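Structure record follows, encoded as structure tokens.
The values are calculated or read from the model by the stated rules, or taken from the named source; none is laboratory data. Please read all numbers here as calculations on a predicted model, not as lab measurements. In this analysis, Cβ positions are derived from the backbone assuming ideal geometry, glycine residues included, and neighbour counts consider all displayed protein chains. Side chains included, ligands, DNA and RNA excluded: accessible areas come from the protein's heavy atoms. Shrake-Rupley method; radii C 1.70, N 1.55, O 1.52, S 1.80 Å.
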Amino acid sequence: MKQGQIIIIGNGCEAVRCYEVLKKYGFDIAGFLGPNTAEIPVDESLTLFTENNIEDIASMHCPVVFAAEDAVWGRQIKQKLTQAGVRQNLLVDDSILFSQDTEKLIDALSFNSQTEPNEYVRCLLERYPNSAKDVIGTLADYQVEKIKSQIDPDQKTLAIYYPSKAYRANLGSEGMRKKVREKGYNVISLFGVIRADEYEKRPFSYYAGHDLIERFDFVDVFVYPCLTAGLPKRSKKVLFAHDIYDSPSGKDEAPLESGPDSDGPQHISPLLDELDYTFIPCRSLYGKTQISVTKYIRSRPLWRIPGGYIKLDRNIQFFESHKSDIPVDSIIYAPTVCGDIFENYVSLPRHGKEIVGALLANFPDYRIIFRPHPHTLDTEYVASIEKQFRDNERFHLDSNASFYMKNYSRSTVMITDMSGTAFTYAFTTLRPVVFFSHNEDTVEEAFNKVKYFEDRRKIGYVVTDIEQLVKKTTLLIDERENFSEMIREFRDAEIYNVGKAEAYFAATCNHIFEGTVQKDWGIVLSVDYQTRGRLDAPLAAGLRQETPACDVRNDQPHLIEEGHRGYNIVRFGDKYYGIAQEEGAFEIEKARENEYKRCFAGNSVNEVRTYIDRQAVHSTHRGQNQPAHI
């Protein structure tokens, strides 16, 4: 279809709007057909047709867009055009094609310079009138066809999916995508919300909001940072945990409620049940053993990947490169998201104003940065605080949903409540955190043994009121350097692959595509409710395949053999360890400090097996209660 070959039927406000929309998208209008010309834009290039020109319009074989405000007259013109031989698929209703909702969708689909909006308008003009699908369906099909035409059809496809405006730094750099492509896979980026940020400017970036995502069933693997509905069923799904540490679960992770008469295990949340893999940042989220059984019913096994936290690696890189150039002149207040099941423990609704006010009043030498959670930015709580303090030159509202590192770098202390960003900030800057916990007395009851709450004092202090907040903040400013080494040791012991998380994913992603298993991955199986909780051991054994270990780093344990005479054999670095299964998870520090009662070490698997076999034969054995370092 040639641009400029479009005729608009009508002459009122609706026709003028249709004209403006088509002009906006780069189309030149051939002319108008209407009962009078009073409202028609002044444009010498336009032809003003009359009903006597019906045959002339038919001979042009171009789309005719109906924008007539007089519906009866419009139907009469459509009938005459049909009788004159104009095909039905060229007769287009503007009320559907050029509604404000359609405009928004077209603008979103063409959000970057790689796509022109008139491409989608042409799609609608050509396809919609002759299609049984709605506008979204028509455009979605076209979008899928467009993407498939731009990637290698003989390669499997990884989609990095950003469903919201948050967590965009969690899913890797363009360098990681390049490494995956070099292994022979397509990599595309999909966005559910447009933010006009750096991530959307990368090659192979496309819009997938408006529920388009469910139509992307050509994608083999989806990677995404938070639980989201609507992903294609056939695609494998990998959740990159967006919290760096073991944080409280939200309502999307709650298991399904059982019936009142049911005493069996509950079904896990549907959004968790559809997961195939989780890319886990830290040991507290991994679990104590490589094979574990959830108390909830799952429809499929879940693989746990001890990958690390990509966002932390980027943060550290930025911080180390810029810390000498950025003054440490601020205190940052970063409360967690409002409106979830932990609402009673979030500081912003009840104490946000008081916290900001106290910081401004008691720390006159510091700027006070207020950084609400990106999903809370548009709430009345944030608006109210911004209105009250915006005239204070030391108050700053950080509304950048994608990037916070400049403000983290300049902050000497963070104030939060239960946000996962507390550990991100501390592990990045090695600076301490004050946790404002106004309902601290009920935290343990509400959240059981969540490690987030257990380990807060490893990176700072917990306070319950404003007076304590001021005192502990003052103390941490004075003692900041004393916390640095303690936080560093905690971080390096807890987080997987510090500085190398992207490399780990790129090196091991082939296992996800091909259905094989990396040896250091763990598996979560459902309770077998038909056999009253018995673990299906053959299933577990079949799922654990003998595949080469990743060589990205060699300082985490790899399970080599499970259950040899009651021992697990683990490789760590260039050593092999046999640890009695009742000892729990293997920790290299405990092995080196001889803290295990039944643990043997050797330079090969056979050496460790020999020690285990001897121990089983002899009732007493030299070194039975200590590791034997061969």
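Under the condition of being crowded, with 18+ Cβ neighbours inside 10 Å and either within 30 Å of Y286 (Cβ to Cβ) or among the acidic types (D, E) (or both), the residues counted in region 459-475 number 3.
Among all residues of region 264-278, there is at least one that is at pLDDT below 85 and of a type in the set (A, V, I, L, M). Kindly establish whether L275 is part of a helix (DSSP H, G or I) and not basic (K, R). No; evaluated as a whole, the condition is false for this residue.
Return the total of residues in region 389-441 being in contact with a Gly (Cβ under 9 Å, 6 or more places away or on another chain) and of a type in the set (A, V, I, L, M, F, W, C). Residues in region 389-441 being in contact with a Gly (Cβ under 9 Å, 6 or more places away or on another chain) and of a type in the set (A, V, I, L, M, F, W, C): 8 in total. Selection within region 392-410: residues that are closer than 24 Å to V193 by Cα and aromatic (F, W, Y). The member of this set that is surrounded by the fewest Cβ atoms within 10 Å (Cβ to Cβ) is F403.
The set of residues from region 426-468 being at pLDDT below 90, charged (D, E, K, R) and touching a helix residue (DSSP H, G or I) at 6+ places or on another chain (Cβ under 8 Å) comprises E444, K451. Count of region 203-240 residues, restricted to those that are in contact with a strand residue (DSSP E or B) (Cβ under 6 Å, 6 or more places away or on another chain) and either at pLDDT below 90 or assigned to a loop (DSSP other than H, G, I, E, B) (or both), is 7. Of the residues V382, V413, V434, the single one that is open to solvent by less than 10 Å² (accessible area, probe 1.4 Å), farther than 18 Å from T473 by Cβ and β-branched (V, I, T) is V382.
Of the strands (runs of 3 or more DSSP E) that lie entirely inside region 288-371, those containing 2 or more residues that are at pLDDT 90 or above and surrounded by 18 or more Cβ atoms within 10 Å (Cβ to Cβ) span 302-306, 330-333, 367-370. Residues that are exposed (fewer than 14 other Cβ atoms within 10 Å of the Cβ), touching a strand residue (DSSP E or B) at 6+ places or on another chain (Cβ under 8 Å) and at pLDDT 80 or above number at least 1 in the following strands (runs of 3 or more DSSP E) confined to region 30-125: 47-49. Filtered by the rule that a residue be surrounded by fewer than 22 Cβ atoms within 10 Å (Cβ to Cβ), under 15 Å from G172 (Cβ atoms) and within 17 Å of the chain's Cα centre (by Cα), region 204-230 gives S205, V221.
Scanning region 583-600 for residues that are more than 20 Å from R283 (Cβ to Cβ) and either surrounded by 22 or more Cβ atoms within 10 Å (Cβ to Cβ) or at pLDDT 85 or above (or both) yields a total of 2.
Of all the criteria given as (1) more than 18 Å from F342 (Cα to Cα); (2) touching a Gly at 6+ places or on another chain (Cβ under 7 Å); (3) assigned to a helix (DSSP H, G or I), the one not satisfied by Y381 is (1).
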